[in-house]
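Quick one: structure below, then a few questions.
The values are calculated or read from the model by the stated rules, or taken from the named source; none is laboratory data. Computed from a prediction, not measured in an experiment: that's the story for all the values here. Cβ atoms come from the backbone with ideal geometry, glycine included; neighbour counts cover every protein chain shown.
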């Protein structure tokens, strides 16, 4: 599916939530990392990066719009654990780092 291993749970949730593979790949390739919690890292696409992707035409506007709302959870062993839709307006992202999954996608 994507450039990193995906747990069975994640595959099931992606299907249930209607998350397309290219949206997950966009988040993993261009997303920012949030400080790990309980051994997992949250990967999200920032508004700034989303704007850059649309302007540079690296990704389609529809894919970027969806990727902006998607949160991907990755375990310490770099296995995708789950992904879910989030209302980005209600969340903050302290301690943002560059994505270490950019080469994997």
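Among what's in the range 52-84 and is in a loop (DSSP other than H, G, I, E, B) and farther than 28 Å from residue 8 by Cβ, pick the residue that is modelled with the highest pLDDT.
Only one residue fits best here, namely 57.
Are any residues in the range 34-51 part of a helix (DSSP H, G or I) and either under 14 Å from the mean Cα position of the chain (by Cα) or under 13 Å from residue 76 (Cβ atoms) (or both), and if so, which ones?
Answer for the range 34-51, where residues must be part of a helix (DSSP H, G or I) and either under 14 Å from the mean Cα position of the chain (by Cα) or under 13 Å from residue 76 (Cβ atoms) (or both): 47, 49, 50.
In the range 35-62, what count of residues is obtained for those that are surrounded by 20 or more Cβ atoms within 10 Å (Cβ to Cβ) and in contact (Cβ under 8 Å) with a residue 24 or more places away in the chain?
Total satisfying the criteria: 6.
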